[in-house]
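The values are calculated or read from the model by the stated rules, or taken from the named source; none is laboratory data. Fair warning: this is a prediction, and the values are worked out from it, not measured in the lab. Cβ placement follows ideal geometry from the backbone for every residue including glycine, while neighbour counts extend to all protein chains displayed.
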């Protein structure tokens, strides 16, 4: 049922760790000691201190999900790509993989959650390493719930692939399929040319697009608006009456 062309992944290095506190932390340490020429994937069956946005923790049970961090060296031609477009590209790849394997159509909740029927299926955390103003390497952390379990570290109820499709897939097969899609995407040649296409595809899958939400800033000011889009600068665009409010990631807490 699940097919992956391993020949396409010969340039990829896969590092398996049975248990680790955080694949993202391990990948950052690894990147500080080496200069990779090709993609490296760090993955585990048991992550004990997973990382989320703004220092939040993500805890999961052993062998219940996919937990990985992808170290991606940026070719010179692609280094000038916006980090916001890169984040959307990774989200699109995850969504496309789930759709291809399971016919699951997910919503992309700004800025980094993967949603299905108002429940959290997974999340993405990206840390970029810059050389000047351009991306030199990126570490893309991806977590997906594979088997039923009460996952913690989220404000939304969780859901797993097994609950949606009543099927099981190993984390390794799903990981290889993600990697294959990234390889087929041809980062060096296609990504710089398709920024608008990446943005459009992300917005087509934007969670709660067209719905009214509330947001609260650090001063406690509360605003309500309709989700219109995410722009190329990574801002969530809300329609408030006849005006638009552009929200920077981290400046407001979003209440869906």
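Residues being touching a helix residue (DSSP H, G or I) at 6+ places or on another chain (Cβ under 6 Å) and either assigned by TED's automatic domain parsing to the domain that holds residue 48 or at pLDDT 95 or above (or both) are entirely absent from the range 206-228. Looking for something loosely packed, with under 15 Cβ neighbours inside 10 Å, modelled with pLDDT of 85 or more and closer than 21 Å to residue 38 by Cβ - is there at least one such residue anywhere in the range 63-74? No: the range 63-74 contains no residue that is loosely packed, with under 15 Cβ neighbours inside 10 Å, modelled with pLDDT of 85 or more and closer than 21 Å to residue 38 by Cβ.
May I ask you to verify whether residue 168 is surrounded by 15 or more Cβ atoms within 10 Å (Cβ to Cβ) and free of Cβ contacts under 8 Å to residues at least 24 places away in the same chain? The answer is no for residue 168. For the range 9-33, filtering for residues that are more than 16 Å from the chain's Cα centre (by Cα), at pLDDT 90 or above and not in a helix (DSSP H, G or I) leaves 10. Right, residue 22: assigned by TED's automatic domain parsing to the domain that holds residue 136 and surrounded by 15 or more Cβ atoms within 10 Å (Cβ to Cβ) or not? For residue 22, the condition - assigned by TED's automatic domain parsing to the domain that holds residue 136 and surrounded by 15 or more Cβ atoms within 10 Å (Cβ to Cβ) - is met. Considering the range 146-161, the residues that are farther than 19 Å from residue 95 by Cα and out of contact with any strand residue (DSSP E or B) (no Cβ under 6 Å at 6 or more places or on another chain) include one that is modelled with the lowest pLDDT, namely 152.
Restricting attention to the range 63-77, the residues that are out of contact with any strand residue (DSSP E or B) (no Cβ under 8 Å at 6 or more places or on another chain) and either under 20 Å from residue 15 (Cβ atoms) or in a helix (DSSP H, G or I) (or both) total 2.
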